[in-house]
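A.B. asks: Got a structure for you, questions after.
Readers should treat all values here as calculations from the given coordinates under stated rules, not as data from a laboratory. Please read these numbers as outputs of a predicted model, since none were measured by experiment. In this analysis, Cβ positions are derived from the backbone assuming ideal geometry, glycine residues included, and neighbour counts consider all displayed protein chains.
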Amino acid sequence: MKKAIAAPLCSAFIIPGLGQVLNKDVKKGLLLLGGVFLLIIIGIIKMVQLVKAILKPGNLETLSPDEMMARIRMEDPSLLWVILAVFAAVWLYSVIDAFLKGRKIDRTEEDHAS
């Protein structure tokens, strides 16, 4: 399979940065992989904090959806939105970069084959 197809598919559907590794751009791939894992860890920590805030002691059985939303608003989940936006940007960059680099590699290989 051509690298211009395989690399962005790996970055898009498996994990951002894998396409760069397949294109032999290992440093960039590992940097993207590390960044994605860091974002995931920070997101999980923030989600746990948010869930703890929602499930504060006191009448958990009778907690209405409105009360849950009020508790979420008190905790300010904006960091989660920032993490999601940064993750989306890294993902998009990874896919586009893997495609462009893969296309360049494919063209170079075709030139050497002819």
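A.B. asks: Tell me, please, whether a residue that is surrounded by fewer than 12 Cβ atoms within 10 Å (Cβ to Cβ), free of Cβ contacts under 8 Å to residues at least 12 places away in the same chain, in a loop (DSSP other than H, G, I, E, B) and among the small types (Gly, Ala, Ser) can be found in segment 54-76.
C.D. replies: yes
A.B. asks: Further question: Do we have Glu109 as acidic (Asp, Glu), farther than 22 Å from Lys2 by Cα and either touching a Gly at 6+ places or on another chain (Cβ under 7 Å) or free of Cβ contacts under 8 Å to residues at least 12 places away in the same chain (or both) here?
C.D. replies: no
A.B. asks: Which ones in segment 14-38 are small (Gly, Ala, Ser) and either in contact with a Ser or Thr (Cβ under 6 Å, 6 or more places away or on another chain) or within 13 Å of Lys101 (Cβ to Cβ) (or both)?
C.D. replies: Result: Gly17, Gly19, Gly29.
A.B. asks: Would you mention how many residues in segment 2-53 are part of a helix (DSSP H, G or I), surrounded by 14 or more Cβ atoms within 10 Å (Cβ to Cβ), free of Cβ contacts under 8 Å to residues at least 40 places away in the same chain and under 10 Å from the mean Cα position of the chain (by Cα)?
C.D. replies: Final tally of qualifying residues: 1.
A.B. asks: Still on this structure, please answer the following. So which residues in segment 1-36 are out of contact with any helix residue (DSSP H, G or I) (no Cβ under 9 Å at 6 or more places or on another chain) and more than 11 Å from Ser94 (Cβ to Cβ)?
C.D. replies: Within segment 1-36, Phe13, Gly34 qualify.
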